[in-house]
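The values are calculated or read from the model by the stated rules, or taken from the named source; none is laboratory data. Computed from a predicted structure; not experimentally measured. Here the Cβ positions follow ideal geometry from the backbone for every residue, glycine too, while neighbour counts run over all protein chains shown.
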Amino acid sequence: MPTRHRIPLRLRRQVIARANQRFEYCKAPESFSLDTFAVDHIQPVSHDGDNALDNLAFACNNCNNRKFDATTAIDPEARQRVPLYHPRLHLWSEHFAWSEDALMILPLTATGRATMARLQLNRLGAINVRRGLIALGEEHPPLG
């Protein structure tokens, strides 16, 4: 019998399709990633999370590894612990925006700032992928 950690292939495919093959935190397309993709437990198994579709998000390994089993992080501005961005409960556009050149993700809220800090959404590799997407004429920033 599979453990709660193992996500069945059918469910993984649903998560990926729902995310339009883009990572749900940094918005990078899977097709341009050097890393393998992951299906993240938003509420980690270590914190009683399960394999329900609403608890799963498509995440690049960089974001997933930085998130680890956290559900909260410190907002660097207010220095208070706040919830991390939750792709099923929050709208990305309420917590983040794109810089004018579309290379940087800008935090708009305490949750956005804490998520940015924890997941390092503007790490050099992510910025380079965005720069490449723009140079190739790919859809970036993503619509919606």
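Within the set of pairs 6+ apart or on separate chains, which have a first residue in the stretch 16-32 that is without any contact (Cβ under 8 Å) to a residue 60 or more places away in the chain, a second that is assigned to a loop (DSSP other than H, G, I, E, B) and of a type in the set (G, A, S), and C-beta atoms under 9 Å apart? Hits for this filter: F23/S33; E30/A19.
Taken over the stretch 62-93, the criterion of being modelled with pLDDT under 95 and touching a Ser or Thr at 6+ places or on another chain (Cβ under 6 Å) is satisfied by D69 alone.
Which residues, counting only those in the stretch 60-92, are assigned to a loop (DSSP other than H, G, I, E, B), of a type outside the set (A, V, I, L, M, F, W, C) and touching a strand residue (DSSP E or B) at 6+ places or on another chain (Cβ under 6 Å)?
P87
For the stretch 88-117, filtered to residues that are touching a residue at least 40 places away in the same chain (Cβ under 8 Å) and buried (at least 20 other Cβ atoms within 10 Å of the Cβ), the residue that is farthest from P29 (Cα to Cα) is A114. Scanning the stretch 33-59 for residues that are assigned to a helix (DSSP H, G or I) and exposed (fewer than 15 other Cβ atoms within 10 Å of the Cβ) yields V45, S46, H47, L53, D54. Of the set (1) under 23 Å from P141 (Cβ atoms); (2) out of contact with any Phe, Trp or Tyr (no Cβ under 9 Å at 6 or more places or on another chain); (3) of a type in the set (D, E), all apply to E30 but (2).
Looking only at the stretch 57-80, count every residue that is of a type in the set (K, R) and in contact (Cβ under 8 Å) with a residue 12 or more places away in the chain and tell me the total.
Here is the first cut: in the stretch 57-80, the residues of a type in the set (K, R) are 66-67, 79.
Now narrow it down to the ones that are in contact (Cβ under 8 Å) with a residue 12 or more places away in the chain: 66-67.
The total comes to 2.
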